[in-house]
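Report on the structure given below.
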Amino acid sequence: MTPRVMIVEDEEALALLLRYNLEAEGYSVEAVPRGDDAETRLKETTPDLLLLDWMLPGISGIELCRRLRARETTRTLPIIMLTARGEEQERIRGLATGADDYVVKPFSVPELMARVRAILRRSRPEVIASLLRAGDIELDRETHRVRRSGRELRLGPTEFRLLEFLMKSPGRVFSREQLLDGVWGRDVYVDERTVDVHIGRLRKAVNRGRVKDPIRTVRGSGYAFDDQFAGAAN
Ligand code: CA
């Protein structure tokens with residue numbers, strides 16, 4: 001089952017960034033730039049989660065949130081509000097209006113993705129897969145444990161997120177820049193060589209004493225989780 005997320009955000013660049021990242025996580029995404037249009041659309045269809053900007057043309061995010069909570073079909077719809085800095089009062093009002101969570105702009109995309117997942121896991125456990133499997137590797141997104149052939153691997157937090165990110169899209173080659181965006185976050189400025197360092201550590205932890213390497217280096221492009229790995233013996 002593909003979880004459906006609706007983005008209500010009038011800042012086009014941000015809406016695009018969110019769409020890109022949510023789709024990379026396997027969500028199906030619909031974006032609406034106006035509050036009033038979103039209200040109309042939400043009468044026709046109910047997504048699994050709503051990312052709702054505060055300041056919107058049409059009707060404001062907070063007013064939309066209030067109206068959604070008053071309607072039977074959207075009373076329990078998970079809502080994450082996106083707020084600008086310095087809207088402390090409004091944030092408090094937002095939570096009082098019934099939003100489940102909020103993030104303050106500019107926010108870290110990986111952190112928002114983690115919150116989306118956490119809320120969906122609570123509210124729609126059936127649409128969130130907590131276990132990623134490939135070959136003899138098993139990654140549990142809930143407990144943050146990774147096993148290979150049943151043995152637990154010791155990974156640092158960055159190596160864990162890197163492996164999770166790669167395992168979500170087997171076969172897809174990611175550039176170092178895409179990995180930095182997806183794993184470290186856009187607003188974090190680290191050298192692209194950092195990616196190589198952490199890939200090295202990840203490989204060491206995952207491959208300890210084994211022949212088959214699940215991480216593929218694609219010269220001149222980047223890295224991928226080897227889609228041949230899933231079918232191969234260790
Ligand atoms: Ca806005």
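Only the coordinates and a few stated rules stand behind these numbers; no lab work does. This is a predicted model, so every value here is computed, not measured. Cβ sites come from the backbone with ideal geometry, for glycine too, and all protein chains shown count toward neighbours.
Suppose only helical runs count, i.e. DSSP H with n ≥ 4. What mean residue ellipticity at 222 nm does that imply for the chain under -39500 (n - 2.57) per run, divided by all residues and rounded to the nearest 500 deg cm²/dmol?
Result for the chain: -11500 deg cm²/dmol, rounded to the nearest 500.
Only counting other Cβ atoms within 10 Å, I'd like 198, 144 sorted with the fewest neighbours first.
Least to most surrounded, the residues fall as 144, 198.
Hey, got a sec? Which GluC sites (Glu not before Pro) in region 66-160 land in a DSSP loop and have at most 14 other Cβ atoms within 10 Å?
Passing both the DSSP loop test and the Cβ count: 142.
Kirkwood Rh and Cα-based Rg: tell me the resulting Rg over Rh for the chain, rounded to two decimals.
In the chain, Rg relative to Rh is 1.02.
If each of residue 213 and residue 43 carries a label point 7 Å out from its Cα toward its Cβ, how far apart are those two points in nm?
5.8 nm
By how many nm would the segment from residue 154 to residue 16 lengthen if fully extended, with 0.36 nm per residue of separation less the alpha-carbon distance?
Answer, rounded to one decimal: 46.1 nm.
Where a Cα-Cα gap under 19 Å defines reach, which aspartates and glutamates qualify for residue 105, not counting those fewer than 8 residues away within the same chain?
The qualifying aspartates and glutamates are 9, 10, 11, 12, 53, 87, 88, 90, 181, 187.
Which FRET efficiency value, to the nearest 0.05, do you get for residue 92 and residue 129 by plugging their Cβ-Cβ distance into 1/(1 + (r/R0)^6) with R0 = 41 Å?
Taking R0 as 41 Å, the efficiency between residue 92 and residue 129 is 0.75.
Principal axis lengths of region 1-50 from Cα atoms, whole Å, largest first?
28, 27, 10
Starting from the Cα-Cα distance between residue 60 and residue 173, subtract it from 0.36 nm times their residue separation and give me the gain in nm to one decimal.
Gain on extension, residue 60 to residue 173, equals 36.7 nm.
Connecting C-alpha atoms closer than 10 Å in a GNM of the chain, tell me which of 83, 158, 45 has the biggest fluctuation.
Maximum among the listed residues: 45.
With the chain treated as a Gaussian network of Cα nodes joined by springs under 10 Å, which of 176, 71, 145 yields the largest mean-square fluctuation?
71
Cα centroids of region 170-194 and region 137-166: how far apart, whole angstrom?
Centre-to-centre distance over Cα atoms comes out at 18 Å.
Report the residue, chosen from 135, 182, 209, that carries the largest GNM mean-square fluctuation when the chain is represented by alpha-carbon nodes joined by springs under 10 Å.
Taking springs between Cα atoms under 10 Å, the residue moving most is 209.
Starting from the Cα of residue 204, draw a straight line to each of the lysines and keep only those under 30 Å, dropping any in the same chain fewer than 8 residues away.
Within reach: 168, 212.
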